Amino acid sequence: FLPGVKEIKRTIQELKKRGVDKVFDIFPLYGALPRKEQDKAIYSCADSGRRRIIVSSPIAEASLTIDGVTCVVDSGFQRQPRYDANTG
């Protein structure tokens with residue numbers, strides 16, 4: 001799990017740069033992603049027969065279960081709101 005869309009996209013780009021997409025299907029999964037793209041991440045395993053990597057925001061951690069997931073890696077990073085008295 002990664003804290004946001006920017007980190008998800010950057011991680012997928014890095015995985016592809018390293019050739020991981022030649023061995024695994026790689027999918028993003030976050031709330032603002034169109035439903036069709038979310039469905040690809042959730043239901044794709046049976047379609048391709050290949051193993052998959054789902055790079056997700058923490059919202060998926062609490063809200064759904066994906067069949068076939070055997071390993072989860074949580075980055076431990078999270079967004080924390082902060083108040084700065086100088087800027088409001």
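The values are calculated or read from the model by the stated rules, or taken from the named source; none is laboratory data. None of the values given here were measured: they were computed from a predicted structure. As a convention, Cβ positions derive from the backbone with ideal geometry for all residues, glycine included, and neighbour counts pool all protein chains shown.
Looking at the range 69-79, can you tell me whether even one residue there is more than 14 Å from the chain's Cα centre (by Cα), surrounded by fewer than 12 Cβ atoms within 10 Å (Cβ to Cβ) and modelled with pLDDT under 70? Write out each step before concluding.
Pass one, the range 69-79, residues more than 14 Å from the chain's Cα centre (by Cα): 70, 79.
If we keep only those that are surrounded by fewer than 12 Cβ atoms within 10 Å (Cβ to Cβ) too, we end up with 70, 79.
Checking which are modelled with pLDDT under 70 leaves us with 79.
Yes; the residues of the range 69-79 include at least one that is more than 14 Å from the chain's Cα centre (by Cα), surrounded by fewer than 12 Cβ atoms within 10 Å (Cβ to Cβ) and modelled with pLDDT under 70.
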Any idea which residue in the range 16-43 is nearest to residue 3 (Cα to Cα), counting only those that are β-branched (Val, Ile, Thr) and assigned to a helix (DSSP H, G or I)?
-> 42
For the range 54-62, does any single residue satisfy the condition of being at pLDDT 85 or above and over 9 Å from the mean Cα position of the chain (by Cα)?
-> no
